[in-house]
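**Q** Input: one structure, supplied below.
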Amino acid sequence: MNFLESFMPHGMCYAWRPDILWLHVFSDAAIAIAYFTIPYALVRTLRKRKYTPFRGTVVMFSIFILACGVTHAMSIVVVWNGYYAIQGVFKAITAIASIGTAIMLYPIMPQVFALRSPVELELEESNSALQQEMDQRKRTEEQSLELQNELAHIGRLTTMGQMATGLAHELNQPLLAISQSADTALLSAQENASTSAELLECLEDIQSQTQRAGEIIRALRQFVSKDTATRSDLDLNSLVEQTIRLLNSDALKHNVKIESDLNPIPNPNVDRVQIAQVLVNLLRNSIDAVGANHSHNRRTSVGTHLDGEEIVVVVKDNGPGLDDGIVPFKPFESSKSEGMGMGLSISRSIVESHGGKLWFEEAAGIGTRFIFTLPLTRS
Amino acid sequence: MSTVQSTVFLVDDDPSVRKTLPRGLIRRGFQVNAYESAKAFLDAYSTDQPGCLVLDLSMPEMDGLELQRELTHRNIAIPIIFITGHGGVPQSVQALKAGAIDFLEKPFLPDVLIRRIEEAFLQDQSTRSEQQKLASIREHFNRLTDRENEVLRLILEHQANLSSKQMAEILGISHRTVEQHRSRVLEKTQAKSTSNLLAMATLIGLIQSDIT
């Protein structure tokens with residue numbers, strides 16, 4: 001019998017029962033149609049998208065599916081015509097294509113797993129953006145916390161520094177008077193022959209102890225001021241921003257809005273913490289001053305700009321201005337019940353120790369402006 | 001000049017300093033004038049008073065550095081000793097750069113101040129004698145007649161390189177007259193030689209010293 005000869009049709013096996021026969025025929029037909037359309041769709045995709053990954057595998061998969069479709073079509077043919085040999089040939093082709101696809105598929109599986117879908121890609125992008133923002137916030141928070149810690153630390157030192165500077169200023173005058181008086185008394189006493197050695201010794205002691213007191217004040221002040229060793233080129237605008245962040249909650253409590261007008265300026269060589277202290281002092285004053293303003297428009301602002309060889313920082317508010325009879329910058333004089341009256345005096349010494357000036361301007365109805373300058377070091 | 005006693009001009013806003021500091025100085029034979037502000041000093045001071053300034057650094061209104069600047073501006077060369085209650089390093093540098101004798105932190109020993117005052121007096125005296133010398137040279141030069149001045153100008157302009165003959169030609173007068181004027185110029189200005197004349201003219205600014 002010939003290999004290609006027709007055998008008994010497969011319908012015989014169904015005993016030509018129409019329900020079973022057509023169930024098979026329709027199912028095979030449906031499967032075949034589906035299997036023919038799948039490779040069509042795949043090939044179209046490959047043509048449109050030149051850079052689809054795993055092109056070879058996709059082509060192989062298309063052939064495999066196509067072959068499967070053909071075997072299902074052959075199943076329909078053999079229901080009425082028994083060409084089992086031809087069906088077998090197609091099955092064999094399908095088998096080869098299947099095995100080929102399987103072989104190609106396995107090694108690329110890890111790569112396929114690594115492929116990310118557009119959704120995944122989008123998710124990943126927004127994740128990294130979120131992470132960056134979180135990092136940025138954390139950094140900002142850390143900076144602001146660091147500044148707060150430094151200020152707290154300096155605050156403790158400052159209480160002593162305030163005392164030292166205030167004391168130095170106020171006590172050195174009477175100390176000089178005592179020293180000079182002891183000296184004159186000594187001269188007087190020496191002229192008088194009847195002066196006892198004890199009196200001379202007492203006067204000499206007064207003189208030397210006065211000098212000692214002066215030395216103590218000097219040492220204390222030097223200890224606090226730490227000289228210029230801690231100076232560095234500083235991004236002043238970013239320090240202003242940090243200071244504003246630091247005081248924002250304070251300002252919100254008083255219903256005050258802190259604005260900033262920061263212009264591009266070169267970095268001055270200054271002590272970061274000391275200048276931060278000046279900014280905090282001026283801003284706190286300003287917030288307190290505006291807090292006393294009864295209008296709803298409570299504003300305070302910090303501005304920086306360059307004026308020739310100097311950096312100018314202006315802190316202004318629309319508060320009611322300074323109390324009558326208060327001399328700003330005078331130590332131990334304050335309009336605030338809880339204040340020590342040292343803030344401005346300290347701030348002025350800090351600014352002056354940087355070679356700058358600190359002063360205030362007042363205009364009725366506009367508010368108060370405190371202005372300080374920092375010279376750019378010419379080196 | 002030496003008959004006028006040098007004065008210590010004290011400027012300090014603190015009354016206790018104004019009261020006690022002069023006492024010791026006066027006792028040592030110094031003449032002291034004390035002022036409560038920079039303005040009070042400027043109002044009272046005239047440049048013919050020799051002496052030095054003992055100046056407080058920090059004062060309301062015009063502070064010590066500002067007074068120093070003002071004095072420089074007014075061409076007053078009185079030596080300055082700064083005294084301060086809070087020793088500011090930058091200010092002291094600034095003050096010393098601008099020619100201050102010293103920068104003393106209160107409370108200082110009277111001896112230290114006195115040494116500085118004596119130094120300042122010496123400096124003031126030498127400045128004054130220098131100025132007096134210049135003034136007398138200027139005065140001599142002012143005695144020249146118009147014609148003599150013309151001759152002088154020719155001598156200065158040409159660095160004494162013109163002969164009397166050449167000058168006579170330029171001025172349109174006789175050679176002999178030029179010679180006469182020339183010797184009158186040297187006589188009146190008390191110049192020992194033509195080069196001495198040039199040197200004196202440079203001192204009082206008749207010639208720019210940077211001419212080569």
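Read the figures in this text as sums done on the coordinates, not as results from a lab. The structure presented is a predicted model; accordingly, all values stated were derived computationally and were not measured. In this analysis, Cβ positions are derived from the backbone assuming ideal geometry, glycine residues included, and neighbour counts consider all displayed protein chains.
**Q** May I ask you to compute the full-extension gain from A:TYR40 to A:ALA114, defined as 0.36 nm times their residue separation minus their alpha-carbon distance, rounded to one decimal in nm?
**A** 24.0 nm
**Q** Could you work out how far apart the two model spin labels at A:ASP205 and B:GLN132 are, taking each label as a point 7 Å from the Cα in the direction of the beta carbon, and quote it in nm?
**A** Result: 5.0 nm between the two label points.
**Q** Follow-up. Within 10 Å of each residue's Cβ, count the other Cβ atoms and sort A:TYR51, A:TYR106 from fewest upward.
**A** By the 10 Å Cβ count, ascending, the order reads A:TYR51, A:TYR106.
**Q** Direction-averaged shadow area of the convex hull around the Cα atoms of the range B:143-203, nm²?
**A** 3.7
**Q** Can I ask one more? Once you put a point 7 Å from the Cα of B:ASN33 and another 7 Å from the Cα of B:GLU118, both along the Cβ direction, what distance in nm separates them?
**A** About 2.5 nm, to one decimal.
**Q** Starting from the Cα coordinates of the range B:1-144, work out the convex hull volume and express it per residue in Å³.
**A** 114
**Q** Moving on to the next point. Dividing the Cα radius of gyration by the Kirkwood radius, what Rg/Rh value follows for the range A:1-68?
**A** Taking Rh as the inverse mean 1/r over Cα pairs, Rg/Rh reads 1.22.
**Q** Turning to a different aspect of this structure: Please report the projected area of the protein assembly as shown's Cα convex hull averaged over all directions, in nm².
**A** 62.5
**Q** Using the 10 angstrom Cβ neighbour count as an exposure proxy, how do A:HIS72, B:HIS140 rank, fewest first?
**A** Final ranking by Cβ density, sparse to dense: B:HIS140, A:HIS72.
**Q** Using Cα pairs under 8 angstrom and six or more residues apart, how large is the relative contact order of the range B:7-131, in percent?
**A** Value for the range B:7-131: 24 percent.
**Q** I want the local charge near B:GLN166. Using Cβ-Cβ distances under 15 Å, sum +1 for each Lys or Arg and -1 for each Asp or Glu among the other residues.
**A** 0
**Q** Further question on the same structure: Provide the percentage of antiparallel DSSP beta bridges, counting only those with both residues in the protein assembly as shown; round to the nearest 5.
**A** Approximately 50 percent, going by the DSSP bridge assignments.
**Q** I would also like to ask the following. Suppose we look only past 20 Å in the calculated P(r) of the range A:43-130. What percent of the Cα-Cα pairs does that tail hold?
**A** More than 20 Å apart: 56 percent of the Cα pairs in the range A:43-130.
**Q** If you don't mind, there's one more thing I want to ask. Sorting A:HIS254, B:HIS158 on the 10 Å Cβ count, fewest up front, what's the list?
**A** B:HIS158, A:HIS254
**Q** In the range A:67-97, whose amide N lies under 17 Å from the spot 7 Å out along Cα-to-Cβ of A:TRP16? List them in ranges.
**A** Flagged as within label range: A:78-82.
**Q** Separate question: Would you give the gap between the C-alpha center of the range A:130-150 and the C-alpha center of the range A:48-76, rounded to a whole Å?
**A** When both Cα centres are located, 56 Å separates them.
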